[in-house]
Amino acid sequence: MLRNPSLKLFRSTGYESILAPGETRMALHPGWMILAVSAWVGFACNVALWRALATGTGLSWAMATGTLVAAAVGTFLSLFGWRRTLKPVASLMVLLAATLACGIWTQSLPVNGQLMGKGASALLPEWTSLLSWQAPTLLVVLALLPLLWVWQKQLRRLPGPTQLAANITGMVTGACVLAGIAFLLAVRPL
């Protein structure tokens with residue numbers, strides 16, 4: 001059996017590993033990372049949900065706002081769903097959500113409509129709270145652990161048109177969920 005010399009040269013350069021089917025199946029599809037990070041930001045970093053679970057009241061409102069936030073984050077991350085931009089943008093979203101959740105929790109701020117009027121600087125944790133055990137623990141659980149997961153996962157290489165189609169699908173899906181939840185909250189406030 002004769003082999004083509006150009007194929008021999010191609011195989012010997014080391015580029016055959018990017019085309020190996022096993023490697024592409026093992027890597028995580030970018031859409032799954034977007035879904036996981038969106039769910040983490042929307043639900044794990046949701047102080048209203050923590051309080052609702054602790055008291056047993058307001059759970060439907062907390063779940064609706066968590067879904068709203070997760071859909072918004074998913075829509076935004078889908079815009080940056082490319083292999084080289086997804087991890088840095090996802091890291092930024094996780095760090096921002098964890099820091100805000102830590103600030104809201106340590107300052108015991110009420111999670112209601114007035115919270116948005118305070119501005120981002122008022123929601124950040126105070127420096128004195130970083131000396132207690134709560135703030136560092138929250139930051140480790142809400143930020144460090146998911147960041148380690150994000151950066152250790154390999155993302156699947158998709159061809160340009162396939163990646164663009166996946167990004168557009170993610171943005172449209174996220175925008176539809178976002179619009180649906182916003183409409184439900186406007187029609188029937190929880």
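The values are calculated or read from the model by the stated rules, or taken from the named source; none is laboratory data. In this text, all values refer to a predicted model and were calculated from it rather than measured experimentally. So basically every Cβ, Gly included, is an ideal-geometry build from the backbone, and we count neighbours across all protein chains shown.
Some values worked out for this structure:
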item: Yes/no for A165 being over 18 Å from the mean Cα position of the chain (by Cα), part of a helix (DSSP H, G or I) and within 18 Å of L77 (Cα to Cα); result: yes
item: Output for the range 31-51, where each listed residue is farther than 24 Å from V172 by Cα and either surrounded by fewer than 20 Cβ atoms within 10 Å (Cβ to Cβ) or among the basic types (K, R) (or both); result: W50, R51
item: Residues satisfying the stated conditions in the range 50-89, i.e. under 20 Å from A143 (Cβ atoms), hydrophobic (A, V, I, L, M, F, W, C) and more than 11 Å from the chain's Cα centre (by Cα); result: W50, F80
item: Test: A90 is in a helix (DSSP H, G or I), over 24 Å from R157 (Cα atoms) and modelled with pLDDT of 90 or more; result: no
item: Condition broken by R83, with the remaining ones in (1) modelled with pLDDT under 90; (2) surrounded by 18 or more Cβ atoms within 10 Å (Cβ to Cβ) satisfied; result: (2)
item: Qualifying positions in the range 154-183 - among the hydrophobic types (A, V, I, L, M, F, W, C) and in contact with a helix residue (DSSP H, G or I) (Cβ under 7 Å, 6 or more places away or on another chain); result: L155, L158, A166, M171, A175, V177, L178, I181, A182
item: Residue check, I18 surrounded by fewer than 11 Cβ atoms within 10 Å (Cβ to Cβ), modelled with pLDDT under 95, assigned to a helix (DSSP H, G or I) and not hydroxyl-bearing (S, T, Y); result: yes
item: Single match in A101, A64, A135 (criterion: at pLDDT below 85, surrounded by 15 or more Cβ atoms within 10 Å (Cβ to Cβ) and more than 30 Å from P159 (Cα to Cα)); result: A135
